[in-house]
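Values quoted throughout were computed directly from the atomic coordinates according to the rules given, and no laboratory measurement underlies them. A quick note: this is a predicted structure, and the numbers were derived from the prediction, not measured.
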Amino acid sequence: MTFDVERIVADCSGALQESTPSQAVAEITRRAVADPRAIVERLGAPNHGQIERLYVSDTLTVLNVVWAPKMTLMPHNHNMWAVIGVYGGREDNIFWRRCKDDPNGRVEAAGAKSLGPRDVRPLGESIIHSVTNPTMQYTAAIHIYGGNFFEMERSQWDPEHLEEHPYDVEANLRIFEDANAMWHAK
């Protein structure tokens with residue numbers, strides 16, 4: 001079996017017409033991550049943290065996301081549905097909910113889910129989550145979003161006070177760069 005980015009994009013684009021596109025995309029993602037070796041053959045073995053753009057449009061984004069060892073991304077939302085399919089390593093998600101009547105938009109932990117190879121998790125439009133790679137290896141996943149991941153207005157919460165701020169794409173990309181610098185310096 002081969003991992004065909006163009007086929008996934010075409011299938012996901014077609015799934016956007018379904019009544020529940022995220023569920024249809026989850027099935028496409030399950031098939032895609034069923035053979036992790038095929039993904040590695042096509043995209044290469046994960047050897048640095050990155051957000052690799054495989055496809056980006058106004059209605060669909062397909063990314064290859066690689067988390068460096070021990071890397072954590074602060075709580076954030078997407079304001080669009082997402083589907084995560086892990087093909088290597090492990091990512092731990094903490095799910096957050098907004099604190100009632102908090103003027104600073106703080107969040108509190110509301111649950112967690114660990115994902116490993118071949119696991120697929122759809123995320124609804126209103127989900128807030130943080131992600132950690134708890135291992136000493138690279139974690140890799142295909143992320144598919146129902147919109148333009150890089151242009152959508154959304155929020156992030158600072159890790160110290162859990163207060164809401166506008167999402168900063170560039171700052172989050174620097175987290176990947178910083179994780180790489182720390183890991184490769186060892």
Rounded to the nearest 500 deg cm²/dmol, what is the calculated helix-only ellipticity per residue at 222 nm for the chain, with -39500 (n - 2.57) per DSSP H run of length n ≥ 4? -8000 deg cm²/dmol
Taking the range 5-185 and dividing mean pair separation by its residue count, relative contact order in percent (alpha carbons under 8 Å, at least six apart): 28 percent
Quick check: Cα centre of the range 57-78 to Cα centre of the range 131-173, how many Å? 5 Å
Which residue, N47, N64, N133, has the most motion in a Gaussian network model of the chain that connects Cα atoms within less than 10 Å? N47
Checking the a/c ratio against 1.5 first, then a/b against b/c, what shape does the Cα gyration tensor give for the range 5-185? oblate
Using a/c under 1.5 as the rounded threshold, could you call the range 1-87 rounded, prolate or oblate? The axes a ≥ b ≥ c are square roots of the C-alpha gyration tensor eigenvalues, and prolate needs a/b larger than b/c, oblate otherwise. oblate
